[in-house]
Amino acid sequence: MLSYKKTFDPKKTSIFKRRPTAKTAATSEADNYAADRRDGRVYVYNDEIVLAVNVALTVKRPLLIRGASGSGKSTLAQNIARSFKWRYYEVVISSGTQARDLLWQFDTLRRLSDAQKREEGGGVKDDEHYIQPGALWWAFDPDSAKRRGVKEDKLKEILAKVPENEFYAADPNKSEDSDDHARAVVLLDEIDKADPDTPNNLLVPLGSLEFWVSDANAKIVAKEPPLVIITSNDERELPSAFMRRCIMLNLQPPDRKRLVAIAQAHFGTEHKKTYE
């Protein structure tokens with residue numbers, strides 16, 4: 001086994017130490033025996049997974065996880081975020097997902113709706129009101145994402161006209177443990193379903209940890225590097241340039257021994273013979 005100093009060590013994190021037993025596996029019996037909890041509270045690591053996570057953290061590159069559905073790709077991201085108590089963002093990629101969607105979007109439908117409400121005392125606002133920060137923006141710089149990229153001097157002018165709760169963007173952080181940690185884990189789930197140009201269009205923001213929001217005329221620079229975890233079911237081949245810039249982890253279907261270990265982690269050892 002490779003010996004090295006681990007930035008991430010699941011054996012030393014509080015969430016690992018709180019691993020469920022037969023009596024404490026969940027808050028309710030129904031939750032305890034759920035087929036797929038998908039909350040990241042339990043994960044069974046091996047040396048290969050721990051090494052890949054540590055390499056990604058050290059070199060500040062995305063971790064690209066490949067494997068069949070159900071092999072534990074998405075749950076790994078949630079568990080790491082819980083272990084570190086970092087903020088957690090996730091995006092399930094679809095065929096229509098563009099790279100810019102992960103950075104920011106301009107809400108044209110809301111702008112059109114405001115324009116149609118002019119007779120009711122509404123009306124179109126400044127463009128900044130319609131900027132919707134994406135997951136990577138929130139992970140890079142949550143303060144500027146909340147302000148939709150508006151600089152402090154102009155922010156005072158905007159807030160003099162509208163209440164804060166009508167202007168500030170809502171943080172989509174899904175972490176139950178932290179809402180103010182400087183660092184974050186971002187899950188980009190099933191990148192192989194995206195538009196073919198999406199992976200390569202992410203090379204610059206993921207490599208330089210910065211990007212430009214043209215609608216806000218603002219440069220976004222990561223205050224702290226997030227851990228970006230990207231998953232693929234290998235339904236479509238990814239660009240070689242993109243794969244070269246990622247740390248690769250291939251998750252194989254679990255064998256019998258690993259399946260038993262996973263069952264014990266979720267349900268404890270009281271009914272060990274049942275799943276052996």
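The values are calculated or read from the model by the stated rules, or taken from the named source; none is laboratory data. Small disclaimer: the values here were computed from a predicted structure and weren't measured. Positions of Cβ are generated from backbone atoms using ideal geometry, with glycine treated the same way; all protein chains shown enter the neighbour counts. What goes into the accessible areas is simple: the full protein's heavy atoms, side chains included, and nothing from ligands, DNA or RNA. Shrake-Rupley method; radii C 1.70, N 1.55, O 1.52, S 1.80 Å.
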key: For region 109-182, with +1 on Lys and Arg beta carbons and -1 on Asp and Glu, the positive-most of Gln116, Ala169, Ala139 along the dipole   = Gln116
note = If the label point sits 7 Å along Cα→Cβ of Met243, residues of region 57-78 with amide N under 14 Å come out as 64-67
request  = Evaluate the charge dipole of region 61-120 about its Cα centre and quote only its size in Debye, nearest 20, assuming +1 on the Cβ of each Lys and Arg and -1 on the Cβ of each Asp and Glu.
outcome  = 400 debye
request  = Could you calculate the FRET efficiency of Asp9 with Ala170 from 1/(1 + (r/R0)^6), where r is the beta carbon distance between them and R0 is 41 Å, rounded to 0.05?
outcome  = 0.75
task = Arrange the residues Glu176, Glu166, Glu190 by how much accessible surface each exposes, largest first, with a 1.4 angstrom probe.
result = Glu176, Glu166, Glu190
ask   = Tyr88's amide H: which non-local residues (gap 5+, or another chain) put their own amide H closer than 5 Å, with H modeled 1.01 Å from N in plane and none for Pro or chain starts?
value = Lys174, Ser175, Val185
Packing-based ranking, highest mean first, of 124-130, 232-238 given that Cβ atoms within 10 Å are counted = 124-130, 232-238
ask   = Amide H neighbours of Val228 under 5 Å, counting only residues 5+ apart in sequence or on other chains, H built in-plane at 1.01 Å?
value = Leu63, Val186
inquiry  = Going through the cross-link list Lys125/Lys146; Lys146/Lys174; Lys60/Lys154; Lys60/Lys223; Lys174/Lys257; Lys151/Lys223, which pairs have a Cα-Cα distance over 22 Å in this structure?
reply    = Lys60/Lys154; Lys174/Lys257
task = Go through Met248, Met243 and list them by solvent-accessible area, largest first, probe radius 1.4 Å.
result = Met248, Met243
In order through region 49-62: 3J(HN,Hα) via Karplus (6.51 cos²θ - 1.76 cosθ + 1.60), integer Hz, x for Gly, Pro = 5, 4, 4, 4, 5, 5, 5, 4, 5, 6, 8, 6, 10, x
inquiry  = Below 8 Å between Cα atoms, with a sequence gap of 6+, how large is the relative contact order for region 131-249 in percent?
reply    = 34 percent
task = Mind putting a number on the dipole of region 137-276 about its Cα centre? Charges go on the C-beta only, +1 for Lys and Arg and -1 for Asp and Glu, and I need it in Debye to the nearest 20.
result = 320 debye
inquiry  = Using Cα-Cα distances under 8 Å and only pairs 6 or more residues apart, what relative contact order does region 163-233 have, in percent?
reply    = 42 percent
